Amino acid sequence: MNDCIIGIGSNIDADKNIPEMLTLLADKVEIVQVSEMVQTKPIGITEQADYTNGAVRIKTEMDLEALSLYLKMLEDQMGRDRSQKKFGPRNIDLDILIWNNVIVDPDYYTRDFLRNSAAELGFENKN
């Protein structure tokens, strides 16, 4: 069983989209714990609504590649508009941060909210 922490972000109807995403996610994986959701300022394109960010710790039989593909499919299922610019508005954004206690997303090192959410879910960076 693989242990994973997934970063969550939304700045379009976050109060609706994040709970909906967690319900859909729970159909395919075991949700262990969800972090507190925090408000953050947008990165890159600043002329947009603030983001709601957090993380979810899961257990899954899927391997890293299969989970990554599943999360992209879940974003698409929820109506993610991939024509938006890289740092544009998002109804849901899911990124694998930590895979079996290994940091796999370099954004972990540059975004306090990601480190804080991962720590809240029990991840200790030993580096």
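Return, for the Cα atoms of region 2-120, the radius of gyration and Dmax in Å, separated by a comma.
13.3, 40
Please give every one of the aspartates and glutamates within straight-line cross-link reach of Lys126, meaning a C-alpha to C-alpha distance under 19 Å, and leave out same-chain neighbours fewer than 8 residues apart.
Hits, sequence-local ones excluded: Asp3, Asp105, Asp107, Asp112.
Could you tell me the center-to-center distance, by alpha carbons, between region 13-70 and region 71-127 in angstrom?
7
Which helices, counted as full DSSP H runs in the chain, have an axial Cα extent of no less than 18 Å and a Kyte-Doolittle average of -1.0 or above?
Details: long enough: 64-77 (19 Å, 0.19).
Helices meeting the criterion: 64-77.
Treating cross-link reach as a plain straight distance, find the lysines whose alpha-carbon is under 22 Å from the alpha-carbon of Lys16, omitting any fewer than eight places away in the same chain.
Lys28, Lys41, Lys72
Once Lys and Arg get +1 and Asp and Glu get -1 on their Cβ, which of Gly79, Gln39, Pro106 lies farthest toward the positive end of the dipole of the chain?
So the residue we want is Pro106.
Fewest Cβ neighbours within 10 Å first, please rank Met21, Met37, Met1 accordingly. Intermediate results must be reported in sequence, preceding the final value.
Working: Met21 24, Met37 19, Met1 8.
Listed from fewest to most nearby Cβ atoms, that is Met1, Met37, Met21.
Laboratory data are not the source of any read-out in this text; all were calculated from the coordinates shown. Because the structure is a prediction, the values reported are computed rather than measured. As a convention, Cβ positions derive from the backbone with ideal geometry for all residues, glycine included, and neighbour counts pool all protein chains shown.
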